[in-house]
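This report concerns only the one structure given below.
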Amino acid sequence: MPINIKKIPGFLRRHAAAIGAVAIFSVISLLLSILLTYKYKQQAQEVIDESLSFVQEKITSYDCYISNNRIKSLVRLLDKATELNHDIALDHSDLTYLLDIFCERQRLSGAIILDGALGCVAASTSDSDAYESWSDVINSVNVRNITARPAKCYMTRLSHDGELYDFAAISRDDQEGIVIVYEKKLPILDPNGEIDITTLFDNYPLAMNGIIAISDGDTIIGANSEDLRGMSVTECELLQTDFQRNGTITRSIYNGNTWYGGMRHSRNYTMYVFFPSAGIFSERTLVMTYTLSVGLVALMLITLARSISAHKHMAALQAEAERADRANISKTDFLRRMSHDLRTPINGIRGMVEISRHCKGDEERQEECRDKIYEASGFLLELINDILDMNKLESGKIELEDEPFDLCEMIDRVVGTIEPIAIEHNVRLQLCKPEIKHDSLIGSGIHLRRILHNLIGNAVKYNRSGGSVTVSCRELPASEYPETITKLDAIAAADSSATGCRASPKHSSPTNSEPHTDDAEYAVFELTVADTGIGMSREFQAHAFEPFAQENTASRASYMGTGLGLAIAHEIIEKMGGDIAFQSEQGKGTVFTVHLRFRINDHAVPTEKSRAELPHHSVIGANILLAEDNELNAEIAEFSLEHAGMTVTVAHDGSEALELFENSAIGEYDLILMDVMMPVLDGLEATRRIRASGRADAETVPIFAMTANAFSDDVTDCLAAGMNEHITKPINGDALISKIECYMAEKPTSAINNQCRTSDRQQHKK
């Protein structure tokens with residue numbers, strides 16, 4: 001039917017064109033909105049898929065990281081169980097005490113020993129009801145299988161009493177049964193950037209202010225919103241969405257707003273990604289849609305920038321994790337190497353003892369065994385000293401001394417000590433005449449001796465038969481090495497202001513070429529150690545000063561060592577404000593050059609050299625009080641002293657030593673050798689009480705500390721208690737006798753007094 005235009009209201013007639021335009025624009029807008037909505041939905045689906053893939057990738061990386069750490073932790077725990085198994089096989093006297101000591105040393109939560117019927121033989125007292133609380137695990141199939149298969153072991157990480165534990169079980173070596181150890185795992189903290197599932201996406205922004213949520217099925221364990229973490233899945237309105245399938249975009253309501261998101265399942269987790277509707281769909285005009293598109297492009301650019309930043313952050317976390325892995329590998333390699341290097345000399349010592357027992361009538365073979373035992377024990381002592389020195393350097397507890405010493409004498413003594421080793425290896429050790437003006441110096445002579453011993457010892461050790469080692473020393477003119485003087489001035493000043501352990505130098509560079517004027521306070525020295533040994537490859541030279549660094553591991557059987565010598569020397573030289581450099585060519589040899597500066601001793605006083613030059617004084621007839629609780633150590637010391645002609649009275653603890661001294665005649669004992677760690681009364685307290693006893697000889701009788709405590713703090717404690725000397729075990733008999741001779745030499749009437757005291761004692765006995 002035709003439309004009568006006249007019957008149409010005037011308003012509509014007047015605005016027909018506008019109304020038509022609006023209608024057409026509305027239709028176009030509707031169609032455009034539908035198209036844009038579909039397009040935006042497709043784009044949103046892509047964003048959700050990409051976001052879910054990103055989250056899954058990070059979760060997979062996290063699982064790999066945690067799995068690697070868990071495996072390493074369980075392997076370490078299994079090693080501890082094996083060590084405990086060996087200890088049990090060696091000692092059955094008190095298993096509970098053995099377990100307590102072992103758990104304390106290894107920082108374990110507890111340990112249990114079972115018999116063949118899975119009955120409890122012993123358990124550590126740290127967990128009194130351990131057997132009952134772990135009964136479910138003990139009676140599990142995995143643990144029971146160990147009794148049927150002795151070669152089998154079992155280790156796992158499990159939840160126990162609401163806590164996370166590492167659990168390991170192995171069969172006993174000594175008899176039928178099982179050894180169990182367990183260790184409580186502390187929650188993973190994040191002080192050093194370590195990955196943690198709860199904070200893996202903490203404050204990580206997605207495009208359009210999206211939300212990430214990770215659940216274990218029941219609880220949200222990770223999210224980029226702190227409000228969601230720890231919430232139950234059933235309590236979270238956002239997660240109550242009926243997802244049709246993995247990844248499909250689905251509508252949900254959260255905090256009164258409309259959200260669109262997707263879900264994806266993995267092996268251990270369920271991942272969710274949501275975006276607000278305003279960020280996905282436009283309900284505005286085309287202009288607003290265009291504006292929103294521009295805004296979305298800007299958001300995408302911002303998101304990309306943040307994604308790049310987040311990627312860099314994750315890369316840094318990954319690099320940190322890799323560094324941690326390398327550190328763990330280095331630690332494992334170090335422990336493995338130390339186990340080998342400790343067991344090798346111990347095996348040699350025990351083997352030589354066994355051979356000696358079977359060759360009682362063969363004196364030549366017995367002497368050979370004794371020499372090899374002494375050599376093996378020397379390497380063991382060197383190994384322990386290296387580890388202690390490295391520990392003190394890394395902890396910053398090493399302190400430089402400020403004592404007088406003679407440089408020429410020190411170099412000569414070190415060379416003399418190493419010369420027998422060089423002769424044994426058929427290496428010619430040559431000491432060039434020192435080109436120095438000042439030999440009496442003040443500084444840390446003991447650390448200089450350590451440096452020289454390491455460098456010269458390595459030059460001999462890593463040499464070849466018929467090779468040579470040349471040691472030289474010269475004093476440098478200040479103008480020849482000005483950078484060293486400037487460097488040492490700065491370091492000395494810093495040390496003086498920071499620690500007060502060393503005086504700040506007051507050196508000013510001279511204007512002429514003379515090394516020093518008569519008023520100069522410091523001298524710079526260049527020490528050179530050149531050898532014709534095996535040398536170092538170019539690849540290894542960059543790592544030569546790193547701890548535990550050793551080139552060509554296949555040759556370690558020929559060149560035994562810890563790989564710490566050069567690292568220790570380098571650290572000590574740096575702390576002394578000097579420098580060390582080397583030139584090396586593989587197969588031809590190495591030249592080490594060290595520059596150090598010491599204060600000139602213008603007022604030299606008698607040192608070890610001058611003391612050694614004192615007239616020899618016999619110790620025959622000297623009366624020694626020996627306080628030592630270890631029977632073997634007491635027997636060794638008593639033999640050395642009596643072999644030198646001295647009379648020895650043995651006390652088995654500090655209390656007995658104090659009693660013997662107080663009940664003795666005045667001046668009866670010429671010297672007291674005091675162990676530090678003893679029962680009843682330790683050596684430090686016994687010394688204090690002797691000094692405070694009020695006797696005429698209480699303050700004058702020499703008291704030597706004879707102890708295995710070798711740290712600098714131990715020396716300080718001994719001297720503070722009133723002791724005269726600190727002698728470190730193992731005791732060198734000749735050195736001990738020489739030290740006693742020095743003190744006897746300072747008492748010229750001691751021989752006469754000793755004869756009188758001997759006569760008095762004989763009369764007293766009558």
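The values are calculated or read from the model by the stated rules, or taken from the named source; none is laboratory data. Just so you know, these numbers come straight off a predicted model, no measurement behind them. Note that we place each Cβ from the backbone using ideal geometry, even for glycine, and neighbour counts take in every protein chain shown.
Out of the residues in segment 526-563 that are surrounded by 22 or more Cβ atoms within 10 Å (Cβ to Cβ) and either under 19 Å from Arg449 (Cβ atoms) or under 18 Å from the mean Cα position of the chain (by Cα) (or both), which is modelled with the lowest pLDDT? If we take residues in segment 526-563 being surrounded by 22 or more Cβ atoms within 10 Å (Cβ to Cβ) and either under 19 Å from Arg449 (Cβ atoms) or under 18 Å from the mean Cα position of the chain (by Cα) (or both), then Thr562 is modelled with the lowest pLDDT. Just one of the listed residues (Ala111, Ala117, Ala130) is among the small types (Gly, Ala, Ser) and within 30 Å of the chain's Cα centre (by Cα), namely Ala111.
If the condition is being within 19 Å of Arg689 (Cβ to Cβ) and either among the hydrophobic types (A, V, I, L, M, F, W, C) or in a loop (DSSP other than H, G, I, E, B) (or both), then segment 625-649 contributes Leu625, Leu626, Ala627, Glu628, Asp629. Taking the criterion of being modelled with pLDDT under 90 and either assigned to a loop (DSSP other than H, G, I, E, B) or among the small types (Gly, Ala, Ser) (or both), the residues of segment 681-711 that qualify are Ala708, Asn709, Ala710, Phe711. Per the listing His595, His507, the residue uniquely modelled with pLDDT under 50 and either surrounded by 17 or more Cβ atoms within 10 Å (Cβ to Cβ) or of a type in the set (Phe, Trp, Tyr) (or both) is His507. Counting only residues that are closer than 17 Å to His92 by Cβ and buried (at least 20 other Cβ atoms within 10 Å of the Cβ), segment 159-189 holds 5 of them. The numbered conditions (1) modelled with pLDDT under 80; (2) in a loop (DSSP other than H, G, I, E, B); (3) more than 13 Å from Arg264 (Cα to Cα) are all true for Gln244 except (3).
The residues listed here are Ala627, Ala665, Ala637; of these, the one that is surrounded by 19 or more Cβ atoms within 10 Å (Cβ to Cβ), assigned by TED's automatic domain parsing to the domain that holds Leu681 and modelled with pLDDT of 90 or more is Ala627. So, Ile146, is that one crowded, with 16+ Cβ neighbours inside 10 Å, under 30 Å from Asn268 (Cβ atoms) and not aromatic (Phe, Trp, Tyr) or not? Yes, satisfied.
Taking segment 450-472 as the range and being charged (D, E, K, R) and either within 15 Å of Phe582 (Cα to Cα) or at pLDDT 85 or above (or both) as the test, only Arg464 passes.
In this structure, Ala692 qualifies as exposed (fewer than 15 other Cβ atoms within 10 Å of the Cβ), out of contact with any Ser or Thr (no Cβ under 8 Å at 6 or more places or on another chain) and either within 26 Å of Ile620 (Cβ to Cβ) or not assigned by TED's automatic domain parsing to the domain that holds Ile446 (or both). In the condition set (1) among the hydrophobic types (A, V, I, L, M, F, W, C); (2) at pLDDT 75 or above; (3) surrounded by 19 or more Cβ atoms within 10 Å (Cβ to Cβ), Ile195 is compliant with all but (2).
Residues of segment 389-431 that are loosely packed, with under 12 Cβ neighbours inside 10 Å and either in contact with a helix residue (DSSP H, G or I) (Cβ under 6 Å, 6 or more places away or on another chain) or at pLDDT 75 or above (or both): Gly416, Pro420, Glu424, Asn426.
Is it the case that some residue within segment 107-129 is assigned by TED's automatic domain parsing to the domain that holds Phe167, in a helix (DSSP H, G or I) and touching a residue at least 12 places away in the same chain (Cβ under 8 Å)? Within segment 107-129 (the criterion being assigned by TED's automatic domain parsing to the domain that holds Phe167, in a helix (DSSP H, G or I) and touching a residue at least 12 places away in the same chain (Cβ under 8 Å)), the answer is no, since none of the residues qualifies.
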